[in-house]
Structures are given as structure tokens and as C-alpha cells.
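Enquirer: Next up is a structure, given as C-alpha cells.
The values are calculated or read from the model by the stated rules, or taken from the named source; none is laboratory data. Fair warning: this is a prediction, and the values are worked out from it, not measured in the lab. Virtual Cβ from ideal backbone geometry, glycine too; neighbours counted across all protein chains shown. We work out accessible area using only protein heavy atoms, side chains counted, and drop any ligands, DNA or RNA first. Shrake-Rupley method; radii C 1.70, N 1.55, O 1.52, S 1.80 Å.
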Amino acid sequence: QVQLVESGGGLVQPGGSLRLSCAASGSIFSINDMRWYRQAPGKERELVATISSLGSTNYADSVKGRFTISRDNAKNTVYLQMNSLKPEDTAAYYCNAEITPVGKRWLLNSWGQGTQVTVSS
């Protein structure tokens with residue numbers, strides 16, 4: 001069984017910063033891409049950032065230059081550093097990872113439970 005657990009959300013003022021973490025645990029052989037998504041009330045889930053197993057990154061245009069995705073492969077953890085936060089960044093943030101379980105040959109598309117980020121004065 002594989003589990004993703006996010007942490008680090010909260011309430012922050014516009015212009016502030018937050019760092020989200022997402023740790024994968026369980027019977028993990030390897031992890032390919034790791035991603036952060038977000039979903040605001042009444043809107044579709046949006047891909048925010050992706051990082052490959054080798055560290056290549058991609059970002060949504062709306063967060064380029066403000067957010068940084070990184071990962072610690074030894075800890076099976078992905079991070080999202082969010083700077084210069086805006087009210088429109090308010091959403092539930094979800095991590096997603098492509099995981100190969102131990103003893104298996106297929107990828108498991110795993111999701112965390114989400115963490116709320118609210119940007120408001």
C-alpha cells in the first residue's frame with residue numbers, strides 16, 4: 001500500500017510565502033514524475049508544477065517565477081515553495097506521484113488528501 005501525505009498549508013497574507021511538503025510512504029520501489037495540482041471552489045483541478053525523477057521541472061504560466069518545485073528522492077518527498085502569493089492562489093493543493101510498488105511492474109497514480117492554502121489579508 002502506498003500513501004501520500006501533504007502538509008504546510010495555511011492562511012497567509014498577499015505577498016507572503018508558504019512551503020508545501022508531500023511525503024510518499026509504503027512499499028515503494030521507485031517514483032517517476034511528482035506533481036502539484038490545485039483546485040479552487042467552483043473551478044477545475046489545475047496542474048501547477050511537475051518534477052521528473054531526474055529533476056526536470058515544468059510550471060503553469062500563472063505560477064512561473066513565484067513557485068519552485070523540488071524533491072528529495074532519499075525521502076520520497078516533493079516540495080512546493082510558494083512566494084509572492086496572491087489571492088488567486090487560494091485553493092486546495094494536491095500532490096500526485098507515479099509510483100512503482102515493490103514487486104510490481106506497473107505505475108500506481110497516487111494522490112494525497114490535499115492541503116488548503118488561503119491567501120487573504
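Enquirer: Answer yes or no as to whether ALA74 is of a type in the set (A, V, I, L, M, F, W, C), part of a strand (DSSP E or B), farther than 19 Å from VAL119 by Cα and at pLDDT 95 or above.
Expert: Answer is no for this residue.
Enquirer: Continuing with this model, one more query. Mind checking which residues of the range 100-121 are open to solvent by less than 50 Å² (accessible area, probe 1.4 Å), at pLDDT 95 or above and closer than 18 Å to THR77 by Cα?
Expert: If the condition is that a residue be open to solvent by less than 50 Å² (accessible area, probe 1.4 Å), at pLDDT 95 or above and closer than 18 Å to THR77 by Cα, then SER110, GLY112, GLY114, THR115 are the ones that fit.
Enquirer: Which condition number in (1) within 14 Å of VAL117 (Cβ to Cβ); (2) free of Cβ contacts under 8 Å to residues at least 60 places away in the same chain; (3) not hydroxyl-bearing (Ser, Thr, Tyr) is the one that ARG19 fails?
Expert: Unmet condition: (2).
Enquirer: So, in the range 34-46, of the ones that are under 9 Å from the mean Cα position of the chain (by Cα) and of a type in the set (A, V, I, L, M, F, W, C), which residue ends up nearest to THR118 (Cα to Cα)?
Expert: Going through the range 34-46, the residues under 9 Å from the mean Cα position of the chain (by Cα) turn out to be 34-38.
Still in the running and of a type in the set (A, V, I, L, M, F, W, C): 34, 36.
Numbers: MET34: 23, TRP36: 16 Å.
Within the range 34-46, the match that is nearest to THR118 (Cα to Cα) is TRP36.
Enquirer: When only residues in the range 13-25 that are hydroxyl-bearing (Ser, Thr, Tyr) and under 20 Å from PHE67 (Cα atoms) count, which is surrounded by the most Cβ atoms within 10 Å (Cβ to Cβ)? Give the steps one after another, and end with the answer.
Expert: Filtering the range 13-25 for residues hydroxyl-bearing (Ser, Thr, Tyr) gives 17, 21, 25.
Next, only the ones that are under 20 Å from PHE67 (Cα atoms) stay: 17, 21.
Working: SER17: 11, SER21: 17.
Looking at residues that are hydroxyl-bearing (Ser, Thr, Tyr) and under 20 Å from PHE67 (Cα atoms), I get SER21.
Enquirer: Residues in the range 97-121 that are in a strand (DSSP E or B) and not aliphatic (A, V, I, L, M): how many?
Expert: Residues in the range 97-121 being in a strand (DSSP E or B) and not aliphatic (A, V, I, L, M): 9 in total.
Enquirer: From the residues in the range 26-61 that are charged (D, E, K, R) and open to solvent by less than 50 Å² (accessible area, probe 1.4 Å), which one is nearest to ILE99 (Cα to Cα)?
Expert: Residue satisfying both the conditions and the ranking: ASP33.
Enquirer: Restricting the search to the range 50-68, which residues are under 12 Å from the mean Cα position of the chain (by Cα) and over 19 Å from ASN109 (Cα atoms)?
Expert: Across the range 50-68, the qualifying residues are TYR59, PHE67, THR68.
Enquirer: For THR68, indicate whether it is in a strand (DSSP E or B) and open to solvent by 30 Å² or more (accessible area, probe 1.4 Å).
Expert: yes
Enquirer: Moving to a separate point now. So, ALA92, is that one in contact (Cβ under 8 Å) with a residue 12 or more places away in the chain and not in a loop (DSSP other than H, G, I, E, B) or not?
Expert: Spelling it out, ALA92 is indeed in contact (Cβ under 8 Å) with a residue 12 or more places away in the chain and not in a loop (DSSP other than H, G, I, E, B).
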